[in-house]
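The values are calculated or read from the model by the stated rules, or taken from the named source; none is laboratory data. Worth saying up front: this structure is predicted, and the values here are computed from it rather than measured. A quick note on method: Cβ atoms are made from the backbone with ideal geometry, for glycine too, and the neighbour counts reach across all protein chains shown.
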Amino acid sequence: MTKWICHPEDHKDNPLVPVFRRRIKLRQKVKKAVLKLSAHGLYEIQVNGVNATENRFMPGLTSYYYRIQIQEYDIAALLKEGGNELLVTVGDGWWRWNNNFGYTLALWGELRLCYTDGSEETLSTDEDWDVGLGPVVRTDLQKGEVYDARIVPSDWKKAVICTEHTGGKLIENQSVPVREKERSPGKPLRDSKGNLVIDFGQNIAGYVHMTLRNTTPGQTVRLKHGEGLDKDGCFSTANCDGGRAEFQEITYICKGAEKEEYTPHFAVFGFRYALVEGIESENADFEAIAVYSDMEETGDFRCSNELINKLVENARWSQKGNFLDVPVDCPTRERNAWTGDAMIYCRTAAYFMDVKRFFKKWLVDQTIEQYASGKVGITFPSTSSVHNPEELKAVQTKDPAMALAGPTGDGNIGEDSVGWGDSAVWIPYQMYLMYGDVDFLKEHYDTAKKWVEFSLRCMKEKNPLYADKPWYANGDGDYIYDTRFHYGEWNEPLPPAPEVIELFAKGGTAADYVTHMAKYGKPEVATAYTKRSCDNLSHMARILGKDEDAAHYAALSAKIKAAYDKYLIGPDGTIQRGHQAAYIRALALDMVSKEKKPSVIAQLKRELEAANYHLNTGFLSTVYLLPTLCDIGLVDEAFRILEQTTDPGWLHPITLGATTMLENWNGMDMFRDSFNHYSFGAVCQFLFEYVAGIRPTFAAPGFRVFELRPVIGGNLSWAEGSYKTQYGTIESRWEREGKYFVYTCTVPEGTTARLTLPDGSAKTLSAGNYRFEGERHG
Ligand code: BGC
């Protein structure tokens, strides 16, 4: 039987990077040699000294205690008659990252040899395998790697059976393979402190391949990876290291040669720059390699404004920088697969790349990790709740607020958040829309429903802080969600609320802040998102033929909307002064009655004017800002905000040289927060769906029937978008001079487009190429 094996001395107090060895003697030639592997940690395979696969970071990240992937390779071409050596190195990876899953690295594998005479032989991982130590001395996804090139794998011992959390179900690979993609040569420079720094010109997630010349044995070369130079022109990781001392570092100890080369094995970094020590630039070449899930690129957008084109490029790079088997918030500080970020961006992601399989795999872990109460965590596979029971205990002792953390509890205080947990509903719903694959709905309907039921129960809780509100005692409060912790409009470019300023002035900690947020709730946000999820769930139910559920959640949605409109929107349309998000959210999520709509729009107009046509929306509503403005007829305002080059806005960081999307609206000049946060890149959905006008429809999802509804606006003189659907590529392009426009489009075979031209005329188009001209109205 195939067993999980490990190094006999690899344990909590002595973490090792094991190299497993199996000597293979072939009786005769093989037709096929199928190697199946999985690991607690990440594995790399060498057969007779040759790398057996170009795939990286295997077996990928899943909720390991429940399921763990096996990959399969045919290594016949690498085997020879007689003696062969199979080496598998296992590095820390996600298993031992922050010890979240365990302390000991392990290997599971089978090699099925099919000989030319028809006979077969299977070699499985067991105590017959040897295990030693090799040149990878230490490795951590985030801290980095120590590699001693003088070491050849040695110190062989017999492998032992591993018993640490081996209960995860072994499943076939579902991941899109992670591969090395774009390469960019680095340019050496001296920073203001005189340090040798290599600039790769593009912020990426990946690592550096280095070629070193004329080295001496034991010479130590160090690289530290960061996203920027600070305001004094000095290399720094302060914006993205989260205060960690050990962060994104490579230590390479040379064997001493005319030329030696090295590429990291089990570490990945977010960076544009590398600080170099231990070698001079004339003796070394550095090349950055981007590493991410190898998905096909499907869409593009271009227009007459080069800054917007760069914005599109930056958004695409942030997707590449954060989609490594799971979608993480940033490739530096946290690297957590945050639900909120993915929810906001998943539809945009589908325009840039074929993300169907990527999300299909990831969503399964969301379902697996949903708490019994229906709560959906903020990250999954969870890094906010600790999996490893021993580590969990330590966290709980240190911080009682985390007492409920852990997959068998009910999540910690941060895991009640609407807008994050709603990913359970939104992502399957959007994937269905983009790909027309009803399995997304079938497979995740129960998870979505349990989450909505959890939110509806929370809505019924009473918050004594709002005892003076009319809804508190009259039953309508059941439809206002005013309790619990919610991140809400994270990162609005606005000063914090006065009570928050006071809290920190009195020495409050981040934990006090979270407790404070939980006490106040966020009725305007939580109520709106719960209503949206009721709408989505009702629609999902209708598609799946669950008519009772469809009617039930539609009725609940109507009740929530009525309560929202009555209590949270003032008679003059005021929701929250100073916050565009409040008005955009209410309009986009259909929270406003017909009667109040004109005054809500009037308030929003006032907000836009007060901000001098700059955005001040945060995490959740920025994606809705421009589409909503166009939908209510404020096209000029939408383009004015889009084209702003001053702070806060999408283009401001580009004028400062950004090559990816930033986390914070305050931009790079502040040198704070991550420089590679993909979620604000969701503005590209607007570019594809409004400016280029390519929009999916629920009536025939997956673009079998789609809309073409180009919106001409701002200072753009032309714009074009393309999107490769499963049927073929849709193209849409306009050019204009004054009011006069020329519009061309391509409708792929097997699809139908419903076109609305900028002059207001409508047409139904079957497959073909078309050209129209006219005068834009309005
Ligand atoms: C992460 C986000 C995440 C957020 C929750 C941040 O620290 O980087 O992207 O969604 O926390 O508000």
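Yes or no: Y529 under 30 Å from A555 (Cα atoms), within 16 Å of the ligand (Cβ to nearest atom) and in contact with an Asp or Glu (Cβ under 9 Å, 6 or more places away or on another chain)?
yes
Name every residue in region 732-778 that is within 20 Å of P696 (Cβ to Cβ) and part of a loop (DSSP other than H, G, I, E, B), in order of residue number.
P748, E749, G750, T751, L757, S766, A767
Give all pairs with beta carbons closer than 8 Å in which a residue from region 256-281 that is under 26 Å from S318 (Cβ atoms) and surrounded by fewer than 22 Cβ atoms within 10 Å (Cβ to Cβ) meets a residue that is modelled with pLDDT under 95 and among the aliphatic types (A, V, I, L, M); count only pairs at least 6 apart in sequence or on separate chains.
Sorted first by the residue in region 256-281, then by its partner, the list stays empty.
Is there a residue being within 31 Å of the chain's Cα centre (by Cα) and not hydrophobic (A, V, I, L, M, F, W, C) anywhere in region 19-34?
no
Going by the structure shown, is N612 buried (at least 19 other Cβ atoms within 10 Å of the Cβ), in a loop (DSSP other than H, G, I, E, B), away from the ligand (no atom under 16 Å from the Cβ) and among the polar types (S, T, N, Q)?
Considered against the rule, which asks whether it is buried (at least 19 other Cβ atoms within 10 Å of the Cβ), in a loop (DSSP other than H, G, I, E, B), away from the ligand (no atom under 16 Å from the Cβ) and among the polar types (S, T, N, Q), N612 comes out as no.
How about region 542-569: which of its residues are out of contact with any Pro (no Cβ under 8 Å at 6 or more places or on another chain) and under 23 Å from P496 (Cα atoms)?
The one that is out of contact with any Pro (no Cβ under 8 Å at 6 or more places or on another chain) and under 23 Å from P496 (Cα atoms): I569.
From the list S761, S766, which one is farther than 24 Å from D631 by Cβ and more than 32 Å from the chain's Cα centre (by Cα)?
None of the others qualify; the one that does is S766.
Out of A238, A284, A245, A290, report the one residue that is farther than 29 Å from T89 by Cα and surrounded by fewer than 24 Cβ atoms within 10 Å (Cβ to Cβ).
Step by step, each of A238, A284, A245, A290 is checked, and only A238 is farther than 29 Å from T89 by Cα and surrounded by fewer than 24 Cβ atoms within 10 Å (Cβ to Cβ).
Return the total of residues in region 160-175 being part of a strand (DSSP E or B) and of a type in the set (D, E).
So the count comes out to 1.
Answer yes if at least one residue in region 427-444 is within 16 Å of the ligand (Cβ to nearest atom), crowded, with 23+ Cβ neighbours inside 10 Å and not small (G, A, S), and no otherwise.
yes
If only one of G278, G201, G242 is in contact with a Lys or Arg (Cβ under 9 Å, 6 or more places away or on another chain), under 24 Å from W97 (Cβ atoms) and not hydrophobic (A, V, I, L, M, F, W, C), which one is it?
Just one listed residue meets the conditions, G242.
Show me the helices (runs of 4 or more DSSP H) entirely contained within region 506-594 in which 2 or more residues are modelled with pLDDT of 95 or more and surrounded by fewer than 18 Cβ atoms within 10 Å (Cβ to Cβ).
The helices (runs of 4 or more DSSP H) meeting that bar are 523-543, 547-567.
Return a yes/no flag: does region 709-720 have any residue that is part of a strand (DSSP E or B), of a type outside the set (K, R) and out of contact with any Cys (no Cβ under 9 Å at 6 or more places or on another chain).
Scanning region 709-720, I find no residue that is part of a strand (DSSP E or B), of a type outside the set (K, R) and out of contact with any Cys (no Cβ under 9 Å at 6 or more places or on another chain), so the answer is no.
Find the residue count for region 616-648, including only residues that are small (G, A, S) and in contact with a Leu (Cβ under 6 Å, 6 or more places away or on another chain).
1
For a quick check of your reading: which strands (runs of 3 or more DSSP E) sit entirely within region 73-155 and have at least 1 residues that are hydrophobic (A, V, I, L, M, F, W, C) and surrounded by fewer than 16 Cβ atoms within 10 Å (Cβ to Cβ)?
The qualifying strands (runs of 3 or more DSSP E) are 136-140.
Restricted to region 376-390, and to residues that are more than 19 Å from the chain's Cα centre (by Cα) and either within 16 Å of the ligand (Cβ to nearest atom) or outside any loop (DSSP other than H, G, I, E, B) (or both), which residue is nearest to D439 (Cα to Cα)?
P389
Could we say that T367 is more than 14 Å from the ligand (Cβ to nearest atom) and surrounded by fewer than 22 Cβ atoms within 10 Å (Cβ to Cβ) here?
Judged against the criteria, T367 is a match.
Away from the ligand (no atom under 16 Å from the Cβ) and either charged (D, E, K, R) or modelled with pLDDT of 95 or more (or both): does that describe L324?
For L324, the condition - away from the ligand (no atom under 16 Å from the Cβ) and either charged (D, E, K, R) or modelled with pLDDT of 95 or more (or both) - is not met.
A quick yes/no check of all residues on (1) closer than 28 Å to C254 by Cα; (2) free of Cβ contacts under 8 Å to residues at least 40 places away in the same chain:
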position	(1), (2)
A76	no, no
G82	no, no
L87	yes, no
V90	yes, no
R96	yes, no
W108	no, no
T116	no, no
E120	no, yes
L123	no, no
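What are the residue pairs meeting all of these: first residue in region 632-661, first residue touching a residue at least 12 places away in the same chain (Cβ under 8 Å), second residue of a type in the set (S, T, Y) and in a helix (DSSP H, G or I), Cβ atoms under 7 Å, and 6 or more apart or on different chains?
T645/T655; T660/S318; M661/S318; M661/Y678
Results for (1) in contact (Cβ under 8 Å) with a residue 24 or more places away in the chain; (2) within 16 Å of the ligand (Cβ to nearest atom); (3) among the basic types (K, R), shown as yes or no for each residue.
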{"position": "E453", "(1), (2), (3)": "yes, no, no"}
{"position": "L456", "(1), (2), (3)": "yes, no, no"}
{"position": "N463", "(1), (2), (3)": "yes, no, no"}
{"position": "K469", "(1), (2), (3)": "yes, no, yes"}
{"position": "G475", "(1), (2), (3)": "no, no, no"}
{"position": "D482", "(1), (2), (3)": "yes, no, no"}
{"position": "E489", "(1), (2), (3)": "yes, yes, no"}
{"position": "P496", "(1), (2), (3)": "no, yes, no"}
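Yes or no, residue by residue, for (1) assigned to a helix (DSSP H, G or I); (2) within 16 Å of the ligand (Cβ to nearest atom); (3) modelled with pLDDT under 95:
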| residue | (1), (2), (3) |
| --- | --- |
| E287 | no, no, no |
| F301 | no, no, no |
| N314 | yes, no, no |
| P331 | no, yes, no |
| A342 | yes, yes, no |
| T348 | yes, yes, no |
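Where the second residue is in a strand (DSSP E or B) and the first is on the phi > 0 side of the Ramachandran plot and lies in region 22-46, which pairs have Cβ atoms under 6 Å and are six or more apart or on separate chains?
That search, which allows pairs on different chains as well, returns G41/V90; G41/G91.
Quick one: which strands (runs of 3 or more DSSP E) lie wholly within region 5-70 and hold at least 2 residues that are under 19 Å from T163 (Cβ atoms)?
Ranges flagged: 18-26, 30-40.
Can you report the number of residues in region 176-232 which are assigned to a loop (DSSP other than H, G, I, E, B) and out of contact with any helix residue (DSSP H, G or I) (no Cβ under 8 Å at 6 or more places or on another chain)?
14
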